[in-house]
Structures are given as structure tokens and as C-alpha cells.
Amino acid sequence: MNQQDRTKKQLFEEIAALEMRVRELENADTVRRQQVEETLTKSQSLIQAITDSAQDAILMMDPEGCISFWNPAAEHIFGYTVPEAMGRNLHQFLAPSRFLEAYLMGVARFKYTGQGDALDKTLELQACRKNGEEFPIELSLSAIRLQDGWHAVGIIRDIAERKQAEAERRTLEERLHRSEKMEALGTMAGGVAHDLNNVLGIVVGYAQMLLLGHGKNSDIAPLINNIMHGGQRAAAIVDDLLTLARRGVQMRQVLSLNKIIGETQQSPQLGKLHTAHPDIKISLNLEPNLLNIAGSAIHLSKALFNLVSNAIEAMAEGGSLTIRTANIYLDKPVGGYDEVRSGDYVVLSVSDTGEGIPEKDQKHIFEPFYTKKIMGRKSGTGLGLAVVWGTVKDHNGYIDVQSKPGIGSTFTLYFPITREEIAPEDATVEMEAYMGNGKSILVVDDVKEQRELAAGMLETLNYNVFSVASGEEAVVWIKDHHVDLVVLDMIMDPGIDGLDTYREILTVKPDQRAVIVSGFSESDRVRNAQSLGAGPYVKKPYVIEKLGGAVKEALSQQTSYLPDRPY
């Protein structure tokens, strides 16, 4: 083989090698391209999975501002399918807002120039669902640059549930704050009421004693009656304070609200109020077959009078006041309550056509001493609606207020019904029925004037009376003396109270009869004393008929030693 042939052969071999190398490189490029394509496909699948599973709406707007991507969460949140959303502008999904327009203009400026700080914030806005419902959202936007220009990517979160939870939390905090305020004021009011009751007891009690001594037909009888009536009116204010102190409603009777309304309508207080406002028409719309409720007639009547009084004074230029009752089955919350106990209720509503209550004042109206009345021009202590609120709460009921300035107000009270029947009324008892026959009574009270008053009343009723100033003195006295009955004050300070005193007395005289008295309404400690064997409970201020009746009843009861008494 000559030199030329060898050269050709080498060239062919080199060409073949080069062709093989080219084929190897082409094969390698194909593998790399396939790998890139596979990686890209996996990335796209991953991105698709992320956007499909996201709880927030994810959308993209093209350089013209039209929706070009819309994930399943966006479909769920807004109600528009992908075909329905494509090509729409973001404005069409949001409630109108000048700030939003400026914000999106900033997005556009950033999109086309790459400048601006419009995308540095998250906005809270109102959005619109397909069905027209508005709801709150959080919107955040970012910009990305693709081959055809700047695109905006939006993340939208439905925050309706969060907003509702925040509103409920604020409501609960307000209720807690109001409850704490009521508790603090109630504690203060309870102490004041206790001291006032001791003072008023002396005024009313001795006025009654004077009237008994001089006779109803004496020249000074009208003056004594004025003293008594003034003291009783003051005692009514003390009852308001006791209600505020959460100690006012313990007496439980089966009642008809219709009867309470009728008695309130005929009361001198309401008659005087109506006389002062003759341009007001009062009408009743009462359910004839109204079911009964259980509670305190005194406190329900007071709550009704307070509502009527407020309504009348809200109609300075005259108007209409309507009192309604009805039977209702309650199975969903009423205004201001998250839940209610389902069941049958009696409804009492008081409506007026007066000046109404501004919205900013409505959440304060049940607070003690919160009043818009001008002292000296209108009546009121600032306790009226606080007493209403306390009475409704003590009767396990609910209260709803609807009011619009210039139109009027409606207070609606819901009380759970009872299937018990109303007991027949007691017949009037003459004073002679309370007279005793010389039996011995020990009066235990830490207030000297109260001791002397109770002793004087009981002596008038022909009892042999002794008295001591504390529970400790009573226990010592009982060890060396016999009495048929102990009249025992529940709250004594300092020293042991009525319940502990009675426990100590029973260790000495297991069969000792007792009557419990207190300036507060019946409490758990009163009931505990009664469970140990104490007889009737008497609420101060002392009235000779009530004290005499309780003493008579206690002395008539049979007592025996109970070995399982928890002394």
C-alpha cells in the first residue's frame, strides 16, 4: 500500500471516529434533554400539586391584568370555575375601594417598570363571592418577569372565620369586663345595703311601734304613716342594691306575669307617673293563656316598673307604650347571647315610641349608675336597668334590646316556665293571731338598736324576751339558761355568724328552736341553718306581723334530736 492509500485510510478512520463522536454527543444531548424534560415535568407536577392542595386562593394576572391562573381553592372561595375566571380582572372579585385601585395601579407600575413599593404589604379587603356575598380577605401580590413581560401573582386568604372568632373574643372580653365590674359594684352595694337595712329597720320598726301605741285614729297617726312610708320607699332602694349585689332574688313562688302587670298598672307609683305624662298612651296586649313562671313577685314587679318608667321618660313629647306577654318555644340564641337553653318561655316586652338609645350607649345601659338622665330634672338613681338585668339573670332568663334613635325601643325579657300551679293566697290575719303566751325568746343581734327593736316587738306580742350582742355570747348564755326560741341574726361582725352560732347552740341544746333573720335575702347559709333544724326566715327590716308570724310558726313546730346533724 502506497503512501497515498495509507493517508486516505487514516482520513476515513478519522472521519468515522468523528461521526461516532458526533453520534455519542447527540445521544448524550438527547439523554440530557430527556432528563431536563423529566425534571421540568416533575417540577410542573409538584407545582400543580402544591397549588391544587393549597387552602388559599392562588391566581396569576398577565401583563394586561387579566386572570391567567386560578387554583381549586380560588374556585372554592369565590365560587367561579376556572373557565369563568379566566380573562377577568381582579377588580371584578373585590368590593370597590379607592385604596385598592391605587394599590393595583402601583402593581401595574411595578410590573412595567420594576419600580415602586406597592408589593411590600398585605391588605385586608372585602371580596365578593359569585352569589354576591361579601367577605373579608387578606391579599398579597408579588411580581414575576416572564418572556412576555411582568406578571402579578396573588395569594388570597379567606379570613371570615378568623374575623368572627376575633369578634366573639372581643364580645367575651367585654362580658367578662362587665361581669367583673358588676361583681365589684355588687360587693360594695351589698355592704351598703346591709348597713342601710339596719338603719331603716329602726325607722320603720319604731314607727310601727308608735302607731300601735297611739292607734290608727290618733292625731299623729298620719305623721307616723309618713315616716313608715318614707322608710319603706328607702327600703325599696336597698332592695335594688341587694339585687345588684346578686343577693336579691331568692324567694321562689309560682307566678303569673299577667297578674304582676295588672297589679303594677294599678299601683300608686305608676299612677303618679302617668299623671305627670298625660300625653302617653299605655296599652296592654297580654296572652290570655299565659304559662306560669317561678320567682320573686317583688323583683319582677320592680323590673317591670323600671322598664315602664324609663319608657315613659323617653317620650317627653308623648307617645305610645305597649306591654305584651306571650308563650314561646326558644331554640336559638337571642340578641347578646351565644347560646340559650332550649325550652318553653314566657315573654314580656315593653315597647315605646320614644327617643331611642344611641348604639354607642346600648352596651352600657345595664351598668349600675350609668344614666343619661339629668339630675334634678328626671327621676332615677342609675340602678333601674341594672336591677332589670340582675332580676332577669336571677330568674335564669334572657333579655334582648332593640332600639333606634328617633323611633323607639323594645325590651324583651324571656323567663323559663314552670308547670307548677299557683298556690292560693293567704287570708288576712289579725294582730291577735300573732300574740304569744309568755314563752321565752333570746334575741341575738350585733346591732344594739336592732336588738332593742326586736325585743320591743316581741314583748308587745306578750313574749318574755332576753338579748345578747354576739354569737359567742349566745352560746355561753344558752349553756346556763333555757329559752323556747332563739331569734338569730345571720350576719354579725365581728365574730361567728348565725349559721356557726346555731351549730354551736345545737351541741349544747340539740332540740333548740330558732328563727333566722337577715338584712339580705335568703342565702345558702340561711338554708344550711334551716337544714339543721332552724325554722322560718325573716328578712329585715323588722315588721311586727312578719316577725310575729315567724315566731308563732317556729314555736308550733315539733323538734327532736337528729344524731346525723353535721355540727
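Residue pairs whose Cβ atoms lie under 9 Å apart, sitting 6 or more positions apart in sequence or on different chains, and linking a residue in region 455-480 that is closer than 11 Å to GLY436 by Cα and in contact (Cβ under 8 Å) with a residue 12 or more places away in the chain to a partner that is open to solvent by 20 Å² or more (accessible area, probe 1.4 Å) and in a helix (DSSP H, G or I), are THR460/MET209; THR460/LEU212; THR460/GLY213; LEU461/MET431; LEU461/TYR434; LEU461/LYS552.
Any residue that is over 23 Å from GLU553 (Cα atoms), touching a Lys or Arg at 6+ places or on another chain (Cβ under 9 Å), modelled with pLDDT of 90 or more and open to solvent by 10 Å² or more (accessible area, probe 1.4 Å) - is there at least one of those in region 456-478? The answer is yes; a qualifying residue exists.
Using the structure shown, decide if LEU453 is open to solvent by less than 80 Å² (accessible area, probe 1.4 Å), within 14 Å of VAL515 (Cβ to Cβ) and outside any loop (DSSP other than H, G, I, E, B). It is false that LEU453 is open to solvent by less than 80 Å² (accessible area, probe 1.4 Å), within 14 Å of VAL515 (Cβ to Cβ) and outside any loop (DSSP other than H, G, I, E, B).
Could you tell me which residue of region 284-299 is nearest to LYS539 (Cα to Cα), considering only residues that are open to solvent by less than 40 Å² (accessible area, probe 1.4 Å) and either among the polar types (S, T, N, Q) or in a strand (DSSP E or B) (or both)? Among those that are open to solvent by less than 40 Å² (accessible area, probe 1.4 Å) and either among the polar types (S, T, N, Q) or in a strand (DSSP E or B) (or both), it is SER296.
For TYR337, the conditions (1) open to solvent by 10 Å² or more (accessible area, probe 1.4 Å); (2) at pLDDT 80 or above; (3) touching a strand residue (DSSP E or B) at 6+ places or on another chain (Cβ under 7 Å); (4) not in a strand (DSSP E or B) are fulfilled apart from (2). Within region 226-233, one or more residues are more than 18 Å from LYS302 (Cα to Cα), modelled with pLDDT of 75 or more and among the β-branched types (Val, Ile, Thr). The set of residues in region 400-439 that are in contact with a Phe, Trp or Tyr (Cβ under 7 Å, 6 or more places away or on another chain) and either modelled with pLDDT of 90 or more or among the aromatic types (Phe, Trp, Tyr) (or both) comprises TYR414, PHE415, PRO416, ILE417, LYS439.
The values are calculated or read from the model by the stated rules, or taken from the named source; none is laboratory data. Predicted model only: the values in this text are computed from it and were never measured. A quick note on method: Cβ atoms are made from the backbone with ideal geometry, for glycine too, and the neighbour counts reach across all protein chains shown. Just the protein is used for accessible areas: all its heavy atoms, side chains included, with ligands, DNA and RNA removed. Shrake-Rupley method; radii C 1.70, N 1.55, O 1.52, S 1.80 Å.
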